[in-house]
1. Of everything in the range B:231-245, what is assigned to a helix (DSSP H, G or I) and modelled with pLDDT of 80 or more? Give them in sequence order.
2. Between B:143, B:157, which is part of a loop (DSSP other than H, G, I, E, B) and touching a strand residue (DSSP E or B) at 6+ places or on another chain (Cβ under 6 Å)?
3. Out of curiosity, is residue B:308 part of a loop (DSSP other than H, G, I, E, B) and at pLDDT 85 or above?
4. Of all residues in the range A:222-276, which are more than 26 Å from residue A:86 (Cα to Cα) and more than 11 Å from every other protein chain (Cβ to nearest Cβ)?
5. How about the range B:187-214: which of its residues are in contact (Cβ under 8 Å) with a residue 12 or more places away in the chain, closer than 26 Å to residue B:250 by Cβ and outside any loop (DSSP other than H, G, I, E, B)?
6. Could you tell me whether any residue of the range B:374-388 is assigned to a helix (DSSP H, G or I), within 9 Å of chain A (Cβ to nearest Cβ) and in contact with a strand residue (DSSP E or B) (Cβ under 9 Å, 6 or more places away or on another chain)?
7. Just give me the residues in the range B:155-166 being over 9 Å from residue B:38 (Cβ atoms) and crowded, with 18+ Cβ neighbours inside 10 Å, in sequence order.
8. State whether the residues of the range A:336-355 include one that is within 11 Å of chain B (Cβ to nearest Cβ) and surrounded by fewer than 18 Cβ atoms within 10 Å (Cβ to Cβ).
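The values are calculated or read from the model by the stated rules, or taken from the named source; none is laboratory data. Computed from a prediction, not measured in an experiment: that's the story for all the values here. Every residue, glycine as well, gets a Cβ built from its backbone with ideal geometry; the counts of neighbours run over all protein chains shown.
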């Protein structure tokens, strides 16, 4: 696997080289607006020359393509400017720490509302068809249940696990809670089952264990993958950002009362993939920029990488947000929870890929070099390097 | 038409044909229906087997040596410590292993227990047999396209699309339906000297020429009677005490029965509902196969004058006196049934008995109305999300955005084609995954488009910018999607039902997004370039 990855890297390097050959100006990393104008002027002149040169060499059809085109495009992002993300990373750390501590508090204090998938128990959503029944009638009929009126004669009846487990038949077999409820409801006359969910304690525990296992394994899988593909500092940065995203998303959805069920857990795991996806794209660009900067890290390089990927980060965030918000508004009960999980996760994930992931990688780099007392020397080197360039 | 165009055309036609031909199965959460996860109590199957063999040893030793020194304690069988006995058991019951001697109740016993391999075989057999029985019962129920399969060591998943009455389905699936014929032990008055608790009464009756006593209670005190009966086992010397309906309505009484059944429903050929012309009550007529009829004939001829109890699921239904030898193997079960109960009983008897009781560990039922509602809302939400994304892409990236949206269409075609090809089901979370996929497909294009824009900014020439944008963007796309793919695989591993659908759709979405953006959208972009329609 390692070898295969190495080959891929080589291939990528080759592509970069081709890119370098083709794009001579691309060598220049920091273009000031004044310089840009110059380049554009030069390029405009060059382009005419290129056209004239290429006409005899290439197919006539091909030349048509290179004929001057309106190359302007609409973009809301500042072109040629570099946003100083790294300088603002302290603020990012503070905001993230507050949210993270808040979420950890919610999770550790057991305030995450577990759905019956993980807790075990029974819930039935029934519609009483025969007569109009008020909630008090149902409460007296099934005193041990938690009952909620959903409107239009629809009721949500929940039984806690201990009652479900206590009921046993003569042979010591578990008695079915759905049966108990439906026997009692039959006295009221007709009823229609909208939805029934019943999970025994054994299955509940198994699902909980499996859920944790799936969670840990996918984190590990993602960590291993990015460690192979990227530098270890990024692997740590991306993994921390990922944990940050998941914990904060879980903390927020828990505090607004969304139950953690199999479906929302699957949503969180998808977010894990999505969050790293964002971080990877930034890291990929930093790696590319570092190659041009001869492997020397400056806040400038990282800012440049984040700024140049910013349009993609934001726009993808938006195009994923549109369907998620649509799920919240139109998706109905089950999909609404999933939609909220995604929406919060996407916002947190987009934020962390900009402010947290690379900042952590950068701080690890800095602390390493500070220890060696090289920072000042390096910054000095860098400034000269930047000037020369 | 280049190679990309040809590939696109062939693949798109392929997916469309498969989708049109096979169609997509809807999951239970969209169609309505019930999902049950059953646990077969293999431990009880195994215990039943040990009990049965224990009684067999007891009766054979009694026959041969006229001694009753056999005890059954859980998984172990204790046989009186006499060399002849031990040799006899070793020879006749090789699946039991001699485990040494043990001092128990003032006497030394030889201990036997079932070999591990045989134990496993019994457990295995009970699950596969239960699967078979449940399948044939579901067939009796008449459900279209049920899915019944084994899940893990001792579990069975039953999926019944469109079943509106899950309680009836569960009753049909869950009952053991073990039918037994057992002789009533009327030879001695086992229960004579015992005083019943409050609410339980004692009466005497004449049976088999002896006067014997039994306990009875009104229906409201049935539980008291049941609890009391559990304490009676110590008085009846290895016989069993069961409860059945009394002669009068609303009364339940005890019977002392032979420890094991003389004949079971395994020899059943058919079971039908009949109406009693006098009482106008339904009853179930069972007919035994030829082997069963022979056993029944022998049993009745040897026990004329005794009572024979018909026991269903541990409850005595009736205990008529055997007047004479009965040939032909036909018997009837009467029990003041409703017509529906009688039909159900006949159905489960035809399908056969479960080798062990089953427990319902998980149930998920979605009513058809909610299913319809979900699919409508889910589709609308997805379509609305897609429409907003389309609008956004067209406004922001103009013709390139159009290419990206064509890419999304191909991605959807890919997903639906693949789902049809694998015969996978579409679930509600699956629809959500598809909605997300739209965003992700577009992401692949955004990565490339933004790269192209950067290249354009750098040197203002179009075609090479696009080439470089695609080349550099590709590596990023693979890296970025790989992590989501890893997460999807683990979600698939841990989830069941709807969540698996989610993971599957996510995986297909990632692959489809690659297909849609790299092949389809690129093809459109090349086309736009040729026609000078390209804009970004």
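1. Once the filter is applied, which keeps residues that are assigned to a helix (DSSP H, G or I) and modelled with pLDDT of 80 or more, the range B:231-245 yields B:231, B:232.
2. The match here is B:143.
3. Spelling it out, it is not the case that residue B:308 is part of a loop (DSSP other than H, G, I, E, B) and at pLDDT 85 or above.
4. A:250, A:251, A:252, A:253, A:254, A:255, A:256, A:257, A:258, A:259, A:260
5. B:200, B:201, B:202, B:203, B:207, B:211, B:212, B:213, B:214
6. yes
7. Those that are over 9 Å from residue B:38 (Cβ atoms) and crowded, with 18+ Cβ neighbours inside 10 Å: B:159, B:160, B:161, B:163, B:166.
8. Within the range A:336-355 (the criterion being within 11 Å of chain B (Cβ to nearest Cβ) and surrounded by fewer than 18 Cβ atoms within 10 Å (Cβ to Cβ)), the answer is yes, since at least one residue qualifies.
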